Amino acid sequence: MQTSYSVPGISCEHCRVAVTGEVSQVAGVGTVDVDLVAKRVTVAGGGFDDATVRAAIDEAGYDVA
């Protein structure tokens, strides 16, 4: 399972670390890729909950578009 999220507010290494740290703690998440240029977060793994990933991105301080 792989899902991408548009996160317009990410722009720096701090953003990457914050989002990766929060999202990687979500059950079922295997990998988190933060693309600062495209402003996208791609999450891969097995059986993670979309709403929980969105909440983790919010917890890191960013809004999912």
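Read-outs: derived from the displayed coordinates by stated rules, not from any lab. Not measured: the values here are computed from a predicted model. Cβ sites come from the backbone with ideal geometry, for glycine too, and all protein chains shown count toward neighbours.
Table for the structure above
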quantity	calculated
Computed label-point distance, nm, for sites Ala65 and Gln2 using a 7 Å Cα→Cβ extension	2.1 nm
C-alpha long axis of helix 50-59 to longest principal axis of the chain, angle in °	40 degrees
Rounded to 10°, Cα long-axis angle of helix 13-23 versus longest principal axis of the chain	20 degrees
Extension reserve of the Asp33-Asp50 stretch, reckoned as 0.36 nm per residue once the Cα distance is removed	4.6 nm
Lys/Arg +1, Asp/Glu -1 at C-beta; the chain dipole; positive extreme among Gly28, Val64, Ala38	Ala38
Options [x] -0.51, -0.71; [y] -0.69, -0.82; [z] -0.73, -0.98 - which one matches log10 I(q)/I(0) by the Debye sum over Cα atoms at q = 0.18, 0.21 Å⁻¹ as calculated here	[x]
